[in-house]
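Shown next, in structure tokens, is the structure this report addresses.
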């Protein structure tokens, strides 16, 4: 079905099985600062330490589960370290921040609301309703 203008719609009505991810180009288009947003997800101590540093240094990170080695910048390494703490994603963290943090930790691999629900402990229907609300939060969009 086409909208009254005759132009095909670019809106996607997501379902519980629609994969989402962080669309990094959204930050460029919206004028939002990606680095600032990622820093805001870190614990205060890490945020304070990194905010004044040059984060262009690349470091090796060994995934404790798979043993795979990844190259990460200082912020990426800080995210991985923060994710080890149980407080990083908890019931008091907003749904959007929890979802954003999951994508930061998993290398932005696309996940469905059902998969996100398992990781953040919130109902998949709430996640879908939040992400389908017509507004893009933190660049989180369907991965199509």
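The values are calculated or read from the model by the stated rules, or taken from the named source; none is laboratory data. Fair warning: this is a prediction, and the values are worked out from it, not measured in the lab. Ideal geometry is used to build each Cβ from the backbone, glycine not excepted, and the neighbour counts take in all protein chains shown.
Put simply, of 116, 59, 77, 126 the only residue that is buried (at least 17 other Cβ atoms within 10 Å of the Cβ) and either touching a helix residue (DSSP H, G or I) at 6+ places or on another chain (Cβ under 9 Å) or on the phi > 0 side of the Ramachandran plot (or both) is 116.
So residue 50 fits all but one of (1) modelled with pLDDT of 85 or more; (2) buried (at least 18 other Cβ atoms within 10 Å of the Cβ); what number is the exception? The one condition residue 50 does not meet is (1). Take the stretch 80-109 and flag every residue that is within 15 Å of residue 126 (Cβ to Cβ), surrounded by 18 or more Cβ atoms within 10 Å (Cβ to Cβ) and in contact with a strand residue (DSSP E or B) (Cβ under 9 Å, 6 or more places away or on another chain). Result: 99, 102.
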